[in-house]
Amino acid sequence: MPFSFLFPSTSLTSPTISSFSSNRFFIQKKISRTIVKASEKDDDKPAFNPFGFVTDNPSSRSAIQLPESPAEDGNVGQMLYRIEDKGKDYGSYIKSGGFRWFVRETGSPESRRGTIVFLHGAPTQSYSYRVVMSQMADAGFHCFAPDWIGFGFSDKPQAGYGFDYTEKEFHEVFDKLLDTLGITSPFSLVVQGFLVGSYGLTWALKNQNKVSKLAILNTPLTISSPLPGLFQQLRIPFFGEFTCQNAIMAERFIEAGSAYVLKLEKADVYRLPYLASSGPGFALLEAAKRANFKDINSRVSVGFASGSWDKPILVAWGISDKYLPQSVAEEFQKGNSDVVKLKMIEGAGHMPQEDWPEKVVEALRVFF
């Protein structure tokens with residue numbers, strides 16, 4: 001059972017349900033600021049709740065208690081029982097490179113428009129692509145989305161025992177997975193997110209002959225790309241060990257980078273690996289400690305610049321990203337304007353494939 005620590009979110013907002021989608025909760029900051037100010041004047045306000053940052057958050061409230069069926073001697077076991085079968089849409093387990101990968105697949109090898117591989121970032125998983133994959137398969141594509149080793153439902157080996165979570169090792173196991181899946185001809189690649197998301201881009205730079213087209217969702221692309229506080233905390237001795245065992249880390253990272261709050265059934269899936277064992281937390285910790293983020297961003301910026309890369313690139317950017325400003329995408333596009341097409345996605349944040357998958361699909365269909 002993991003040793004979980006719960007940290008407050010980066011903002012004090014009160015989400016309200018948006019009218020334009022039943023599956024989205026829009027955080028109306030202006031309204032929430034008014035509510036906070038009003039409560040400060042209220043003499044009858046409730047006593048301070050030290051766990052309010054969790055219990056007041058719709059997506060993570062059940063991380064402390066299951067209101068309808070609380071466990072007698074703790075709640076994690078019941079939470080796992082309630083959510084253990086969730087989130088495996090289109091997925092199956094595949095043995096490759098000595099590890100068991102969880103890979104989602106839609107469409108078929110006979111799909112007329114070719115193959116797309118979707119790579120997620122840290123600290124999330126391929127679940128974020130489930131809607132995009134389904135709709136792209138309907139459009140005639142054969143789609144794969146693996147959980148990186150150490151993430152989601154894939155194996156999480158202990159560092160020092162066959163996998164040390166270095167960039168080189170992530171590249172090597174990904175090569176072996178492609179061989180296992182039978183992906184031999186040039187394919188289209190979609191990448192999003194920090195750390196392992198960036199490793200998807202550095203892999204592409206080393207394997208230009210294997211990539212026909214590249215689509216980049218919100219990912220650090222320039223030397224000036226900021227590093228979120230989570231990854232800074234993970235690199236602090238001792239504090240990183242505590243941070244990585246935060247059971248609601250992934251869902252709160254998603255919410256903090258967006259204008260939306262995850263619905264509970266989605267938050268359950270992102271939370272599940274971190275509740276099930278300490279493995280994914282320590283895998284993330286090891287990967288973060290071994291990553292040289294400035295060097296990675298520098299190689300990405302230079303590697304995809306004019307004269308170095310000539311394959312078509314689409315940068316589909318959620319403009320409400322709280323981690324990476326729009327200027328990152330614009331600066332990247334200027335570095336190779338002949339091949340980089342920039343598509344801004346309004347209403348989406350750091351994970352546009354989760355925030356507004358329909359708009360991502362529209363951009364991808366036109367590009368691919």
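The values are calculated or read from the model by the stated rules, or taken from the named source; none is laboratory data. Keep in mind that what you see is a predicted model, and the values were worked out from it rather than measured. Here Cβ is always computed from backbone atoms with ideal geometry, including for glycine, and neighbour counts include all displayed protein chains.
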So in region 348-368, with the set limited to residues that are outside any helix (DSSP H, G or I) and closer than 19 Å to G193 by Cβ, which one is nearest to the chain's Cα centre (by Cα)? M351
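May I ask you to verify whether K168 is of a type in the set (K, R), modelled with pLDDT of 95 or more and outside any helix (DSSP H, G or I)?
Working: of a type in the set (K, R): yes; modelled with pLDDT of 95 or more: yes; outside any helix (DSSP H, G or I): no.
No; evaluated as a whole, the condition is false for this residue.
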Restricting attention to region 239-248, does a residue exist that is under 21 Å from L324 (Cα atoms), of a type outside the set (A, V, I, L, M, F, W, C), touching a Ser or Thr at 6+ places or on another chain (Cβ under 6 Å) and touching a residue at least 12 places away in the same chain (Cβ under 8 Å)? no
Flag for L262 being in a loop (DSSP other than H, G, I, E, B), crowded, with 24+ Cβ neighbours inside 10 Å and either among the aliphatic types (A, V, I, L, M) or touching a Phe, Trp or Tyr at 6+ places or on another chain (Cβ under 6 Å) (or both): yes
Scope region 137-162; condition buried (at least 20 other Cβ atoms within 10 Å of the Cβ), touching a Lys or Arg at 6+ places or on another chain (Cβ under 9 Å) and in a loop (DSSP other than H, G, I, E, B); matching residues: F141, D147, I149, G150, F153, S154, D155
Checked region 154-192 for anything out of contact with any Leu (no Cβ under 8 Å at 6 or more places or on another chain), in contact (Cβ under 8 Å) with a residue 12 or more places away in the chain and of a type in the set (G, A, S); matches are S154, A159, G162, G182, S185
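Among the residues of region 67-103, write down those that are at negative phi, in a loop (DSSP other than H, G, I, E, B) and at pLDDT 55 or above.
Hits for region 67-103 are E84, D85, K86, K88, D89.
Among the residues in region 220-234, are any small (G, A, S), out of contact with any helix residue (DSSP H, G or I) (no Cβ under 8 Å at 6 or more places or on another chain), surrounded by 21 or more Cβ atoms within 10 Å (Cβ to Cβ) and part of a helix (DSSP H, G or I)? Break it down into steps so the answer makes sense when it comes.
Filtering region 220-234 down to residues small (G, A, S) leaves 224-225, 229.
Keeping just the survivors that are out of contact with any helix residue (DSSP H, G or I) (no Cβ under 8 Å at 6 or more places or on another chain) gives 229.
Cutting the leftovers down to surrounded by 21 or more Cβ atoms within 10 Å (Cβ to Cβ) gives us none.
Within region 220-234, not a single residue is small (G, A, S), out of contact with any helix residue (DSSP H, G or I) (no Cβ under 8 Å at 6 or more places or on another chain), surrounded by 21 or more Cβ atoms within 10 Å (Cβ to Cβ) and part of a helix (DSSP H, G or I).
Just name the residue that is farthest from Q233 (Cα to Cα) out of those in region 104-136 that are outside any strand (DSSP E or B) and among the hydroxyl-bearing types (S, T, Y). Steps first, please.
The initial filter retains those residues of region 104-136 that are outside any strand (DSSP E or B), namely 107-114, 120-121, 123-136.
Right, trim to among the hydroxyl-bearing types (S, T, Y) and you get 108, 111, 124, 126-129, 134.
Working: S108: 42, S111: 44, T124: 17, S126: 24, Y127: 25, S128: 24, Y129: 27, S134: 35 Å.
Looking at the filtered set, the residue picked out is S111.
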If we ask which residues in region 302-340 are buried (at least 21 other Cβ atoms within 10 Å of the Cβ), under 22 Å from N209 (Cβ atoms) and acidic (D, E), their number turns out to be 0
Would you tally the residues in region 85-135 being touching a Ser or Thr at 6+ places or on another chain (Cβ under 6 Å) and closer than 19 Å to D268 by Cα? 4
Just to be sure I understand the filter: pairs with C-beta atoms under 7 Å, separated by 6 or more residues or on different chains, first member in region 304-322 and farther than 13 Å from S337 by Cβ, second member of a type in the set (D, E) and exposed (fewer than 14 other Cβ atoms within 10 Å of the Cβ). Which pairs pass? I319/E346
